[in-house]
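A.B. asks: This is the structure I want to talk about, given as structure tokens.
No value in this document is a laboratory result; all are computed from the given coordinates. What you are looking at is a predicted structure, and each value in this text was computed from that prediction instead of being measured. Every residue, glycine as well, gets a Cβ built from its backbone with ideal geometry; the counts of neighbours run over all protein chains shown.
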Amino acid sequence: MHVRQYQAGDETALATIHNKAFQHLIHRLPEIYQLRNVGSEDVQDWLKQGSNMLWIIESTDQIIGYAQIRIEVEHGKRDVSVLQFMPAQKWDLAQTNIAILPEYQKRGIGTLLVEEILEKYRGTAELASAHTFSDNIAGERFFSSLGFTMHDAFYYPPFSDKYPIANSSIYETLEFEHLTAPRNLNPNVTIRRATVDDAAVVAEIHEQNVWWCDECNSLEWSIRFIKGKYGHTVFVAEIDAEVAGSIDYYRDGRIGISGVLPEYKRRGIGSTMFYKIMKVMKKAGFKSAFVDSGLTQSEAIGMYAEFGFTIQRRQNAWIKKLM
Ligand SMILES: CC(C)(COP(=O)(O)OP(=O)(O)OC[C@H]1O[C@@H](n2cnc3c(N)ncnc32)[C@H](O)[C@@H]1OP(=O)(O)O)[C@@H](O)C(=O)NCCC(=O)NCCS
């Protein structure tokens, strides 16, 4: 067995391995996870995002497996370099994109591939990370056997004492036939579609709440977001004619809660805007809503429970220290 970097011309073999190895999940997971059979153009797309790289394991006559990675430098107290075993797309409802041809699985080949990759980046990256769905027993056991440990939230002091460098997330849904008003509905809160005039306050709301997304704090990003350039329909929540929060839905039914400004918290504004956007979605023909939240977002997770959302699965974060 030989481990090497991807070369042009490998795409068809990699697409075949992906489709065979993930076949059971492609059939089982709802569309929102966007896991589907891919072709060689998709493999080229995986590589287009930033510093993505594919490592390949092959025998003398064929490619047997691959792993997608990238080196991400996280800017905290100091820069921390992380070897990320990446999902195929920079798409958060996903697992690490590693696959071995089914007829070669459970023969130590995945282990060999990951160990060689870890060895190549030892000295460059301080941590390695991976993501698995909690119901992917093989994937979970695999990373565990490689010495990765699973964390709800992984704090790394050289990076930050306040923010985790990686965290697990939960995915939850609510069928709209079960939608009821929250106990703490605030009758003074209204929602309306955001306009570009709201871009500054929406950027501020992101800065206060969505700390892990640097780009979301900029005015330019907010303008594109509000204009729907990323596929979102964006609303602001107002109280006494002042914008206090922002919320959106994505075209696939996923709700994004940008948040409520700190001075407006604990007044039922978050629950009320959440309820109101679900009513708008229901009217627009959606049958259910989907939310994903990092486990550090305890306020949001408590709110989903109040509305009767049910947990579908977790996306677990796995970490291995390399230094
Ligand atoms: C996960 C995957 C990459 C593992 O590759 P592999 O070459 O089969 O793994 P290895 O033979 O090196 O196994 C190492 C350990 O992983 C665990 N493991 C691997 N396959 C497993 C399975 N089907 N069920 C339970 N545990 C499994 C075991 O702990 C195993 O150690 P053991 O054989 O001593 O018990 C491979 O099964 C695969 O391609 N799966 C489909 C795609 C996928 O789910 N990718 C992972 C997304 S996170």
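A.B. asks: Which pairs, out of Lys77/Lys120; Lys229/Lys265; Lys162/Lys320, put more than 23 Å between their alpha-carbon atoms?
C.D. replies: Working: Lys77/Lys120 26 Å; Lys229/Lys265 29 Å; Lys162/Lys320 20 Å.
Check vs 23 Å cut-off fails for Lys77/Lys120; Lys229/Lys265.
A.B. asks: Which number comes out as Rg/Rh for region 1-92 once both Rg and the Kirkwood Rh are worked out on C-alpha atoms? Show your work: numbers first, answer last.
C.D. replies: Values: Rg = 14.6 Å, Rh = 14.4 Å.
Using Cα coordinates only, the ratio equals 1.01.
A.B. asks: Report the full-extension gain for the segment Thr60 to Tyr121: residue separation times 0.36 nm, less the Cα-Cα distance, to one decimal in nm. Intermediate results must be reported in sequence, preceding the final value.
C.D. replies: Values: separation 61, 0.36 × 61 = 21.96 nm, distance 2.50 nm.
Length gained, Thr60 through Tyr121: 19.5 nm.
A.B. asks: Can you give the local net charge around Phe286? Use residues other than it whose beta-carbon is closer than 12 angstrom to its beta-carbon, Lys and Arg +1, Asp and Glu -1. It would help to have the intermediate numbers written out before the result.
C.D. replies: Values: positive: Arg251, Arg254, Lys279, Lys282, Lys283, Lys287; negative: Glu175, Glu177, Asp252.
Here the count lands on +3.
A.B. asks: Next question. Residues with beta-carbon under 13 Å from that of Asn186, excluding Asn186: net charge, scoring Lys, Arg +1 and Asp, Glu -1?
C.D. replies: Values: positive: Arg183, Lys265, Arg266, Arg267, Lys276; negative: Glu238, Asp240.
Local net charge: +3.
A.B. asks: Right, next: What angle do you read, to the nearest 10 degrees and between 0 and 90, between the alpha-carbon axis of helix 109-121 and the longest principal axis of the chain?
C.D. replies: Tilt relative to the chain: about 80 degrees.
A.B. asks: Could you work out which residue, out of Gly50, Gly285, Gly270, moves most in a Gaussian network model of the chain, that is, has the largest mean-square fluctuation with Cα springs under 10 Å?
C.D. replies: Result: Gly285 has the largest fluctuation of those listed.
A.B. asks: Would you mind calculating the relative contact order of region 12-120 from Cα pairs under 8 angstrom and at least 6 residues apart, reporting the percent as a whole number?
C.D. replies: Computed over region 12-120, the figure is 24 percent.
A.B. asks: Turning to a different aspect of this structure: Determine the relative contact order of region 51-190: mean sequence separation of Cα pairs under 8 Å and six or more apart, normalised by residue count, in whole percent. Let's see the in-between values first.
C.D. replies: Details: 186 pairs, mean separation 27.5, N = 140.
Computed over region 51-190, the figure is 20 percent.
A.B. asks: Quick one: Karplus J couplings for region 140-155, per residue in order, coefficients 6.51, -1.76, 1.60, θ = phi - 60°, nearest Hz, x for Gly and Pro?
C.D. replies: Listing the rounded values in order: 5, 5, 4, 5, 5, 5, 8, x, 7, 10, 8, 9, 5, 9, 10, 9 Hz.
A.B. asks: Restricting to Cα pairs below 8 Å that are 6+ residues apart, what does the relative contact order work out to for the chain? Please round to a whole percent. Each step should come with its number before you reach the end.
C.D. replies: On the way: 599 pairs, mean separation 63.2, N = 323.
Averaging sequence separation for qualifying contacts and normalising by length gives 20 percent for the chain.
A.B. asks: Still on this model: Using a Gaussian network model on the chain with a 10 Å cutoff between Cα atoms, which of Arg28, Arg254, Arg122 fluctuates the most?
C.D. replies: Arg28
A.B. asks: Between Ile137, Ile117, Ile226, where does the largest GNM mean-square fluctuation fall for the chain, given springs only between Cα atoms within less than 10 Å?
C.D. replies: In this elastic network of the chain, the residue with the biggest mean-square fluctuation among Ile137, Ile117, Ile226 is Ile137.
A.B. asks: Calculate how steeply helix 11-21 sits against the longest principal axis of the alpha-carbon atoms of the chain, using the helix alpha-carbon long axis, and give the answer as 0 to 90 degrees to the nearest 10.
C.D. replies: It works out to around 70 degrees.
A.B. asks: Using amide H atoms built in the peptide plane, which far-off residues or other-chain residues are under 5 Å from Ser160 H to H?
C.D. replies: Lys77
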